[in-house]
1. With a ≥ b ≥ c the root eigenvalues of the C-alpha gyration tensor of region 93-215, is it rounded (a/c under 1.5), prolate (a/b larger than b/c) or oblate?
2. Percent relative contact order of region 1-133, based on C-alpha pairs within less than 8 angstrom and at least six residues apart?
3. Sort out for me the Cα centre separation of region 191-244 from region 257-287, rounded to whole Å.
4. Is region 203-345 rounded, prolate or oblate when judged by the Cα gyration tensor, a ≥ b ≥ c being the square roots of its eigenvalues, rounded requiring a/c under 1.5 and prolate requiring a/b larger than b/c?
5. Using just the helices of the chain, give the 222 nm mean residue ellipticity in deg cm²/dmol: DSSP H runs with n ≥ 4 each add -39,500 (n - 2.57), and the total is spread over all residues, rounded to 500.
6. Quick one: pull the percentage of alpha-carbon pairs in region 266-372 with a separation above 17 Å.
7. Given N residues in region 150-196, what is its alpha carbon radius of gyration divided by 2.2 N^0.38 Å?
8. Please give me, ordered by residue number, the trypsin sites (Lys or Arg not before Pro) of region 150-194 that lie in loop per DSSP and have at most 12 other Cβ atoms within 10 Å.
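The numbers here are math on the coordinates, done by the rules we state, and not lab data. Bear in mind the structure is a predicted one, so any value in this text is a computation, not a measurement. Using ideal geometry, Cβ is built from the backbone for each residue, glycine included, and neighbour counts are taken over all protein chains shown.
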Amino acid sequence: MCTRHQTGAVPDPTDSLLAFIASSPSPYHAVATAAARLEAAGFKPLDEADAWGDVTGGRYVVRGGALVAWRLPDGAAPHTPFRVVGAHTDSPNLRLKPHPDTGNVGWRQLAVEVYGGALLNSWLDRDLGLSGRVVLRDGSVRLVLVDRPLARVPQLAIHLDREVNERGVLLDKQAHLTPVWGLGSAADGDLEAFVAAELDVAAGEIAAFDLMLHDLTRPSRLGVDGELIAAARLDNLFSCWAGVEAVATTTGDGPAIPVVCLFDHEEVGSASATGAAGPLLEIVIDRLVGARSGTGEDRHRALAASVCVSADMAHAVHPNYAERHEPAHRPLPNGGPVVKVNANQRYATDATTEVVFTRACEQAGVPWQVFVSRNNMPCGSTIGPITATRLGMATVDIGCAQLSMHSARELAGARDPGYLAGALAAFVAPG
């Protein structure tokens with residue numbers, strides 16, 4: 001079923017992935033980084049508000065923290081099927097509340113809201129930067145990146161919590177996760193004025209914002225042989241990077257149209273205009289069919305023959321908690337992509353779609369693994385079942401094995417970026 005990882009030098013794709021992550025502290029930055037990579041490969045942007053005429057060649061559209069890109073050859077019939085790679089740009093983190101300035105007992109603090117299922121203790125005692133976007137009063141949107149130490153969530157000293165090592169760290173999301181960013185009072189803080197100065201715009205020009213904190217520790221290689229990587233947001237920028245690389249490097253002249261769709265808001269359920277439960281991908285597919293004078297019948301034919309890979313990270317077996325994994329289904333880093341299976345449809349994989357993906361792995365010379373959770377351990381979910389339900393598209397859930405999922409800093413294998421990019425490239429351009 002699987003082969004073990006090979007020996008030798010770590011492939012160059014690892015450096016590319018780490019650079020992608022470092023440039024993408026927020027979903028909006030991830031989309032901008034992906035768009036820059038696509039443009040370097042000759043892709044051109046399209047505006048959703050414009051009429052779409054010529055949609056051939058490499059094209060992409062951006063909607064907030066989401067992006068859809070494709071490479072459409074000249075003369076492709078309207079019923080040509082799609083090979084879609086889906087991933088998500090968001091990760092659990094701490095996001096600023098609309099009125100962020102707060103404080104207590106002589107400290108200036110920032111009011112934050114926990115986004116997604118974050119491992120809360122992993123955000124303690126880390127130097128945090130600020131990223132996201134602001135909308136100015138003229139309606140223009142600007143990206144914000146403060147990539148230097150700005151804030152910190154300090155942990156209570158053990159002298160004031162003597163039983164912490166026996167009881168564990170107990171954190172109240174409202175009371176204990178408010179970062180400090182200086183001394184003074186809430187009245188001394190003015191986050192919007194600070195951001196305005198960073199953007200070199202007049203104070204009061206910021207109308208609204210979507211801002212969040214990010215860990216400043218740089219992505220790095222780890223281990224005695226450098227065979228691991230440690231970084232924030234591996235879930236799921238790892239898959240975003242691989243999907244973009246697969247579509248950026250394909251010629252698009254195969255039997256299917258290669259597409260990559262980077263959704264937002266997966267970590268909070270995907271129910272948004274830029275999430276997988278929204279209409280974004282469906283709209284793009286409809287317009288690609290219609291731009292080639294296709295009919296509803298052509299659309300249905302295309303979707304019936306299409307396949308989607310839902311690429312999200314997978315749970316590597318944990319050496320300190322091996323009993324939490326199903327025997328004989330214990331993925332390891334550097335063992336190649338993991339096919340994720342769940343009979344209760346938390347993952348969309350079935351036997352037919354599994355074979356489609358594993359054939360792509362064989363075509364690319366890439367090993368693969370299989371994951372299924374224990375009956376007594378709840379299983380998470382992905383955009384896979386949502387996309388399959390929304391479009392009726394055959395879907396397989398896959399991802400690379402990692403530890404510390406949803407931590408502020410996660411751990412994966414240094415060979416797996418090359419493996420995943422290679423497998424996805426073979427999937428979107430089947431031989």
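1. On the way: a/c = 2.60, a/b = 1.92, b/c = 1.35.
Here region 93-215 falls in the prolate category.
2. On the way: 122 pairs, mean separation 24.4, N = 133.
Once normalised by length, the contact order is 18 percent.
3. Cα centres, region 191-244 to region 257-287: 22 Å.
4. On the way: a/c = 1.94, a/b = 1.33, b/c = 1.46.
Judged from the Cα gyration tensor, region 203-345 comes out oblate (a/c at least 1.5, b/c at or above a/b).
5. Values: 10 runs with 109 residues, N = 431.
Result for the chain: -7500 deg cm²/dmol, rounded to the nearest 500.
6. Values: 3784 of 5671 pairs.
Above the 17 Å cut-off, region 266-372 has 67 percent of its Cα pairs.
7. Details: Rg = 14.5 Å, N = 47, 2.2 N^0.38 = 9.5 Å.
Cα-based Rg divided by the globular estimate yields 1.52.
8. Those that pass, being in a loop and sparsely packed, are ARG162.
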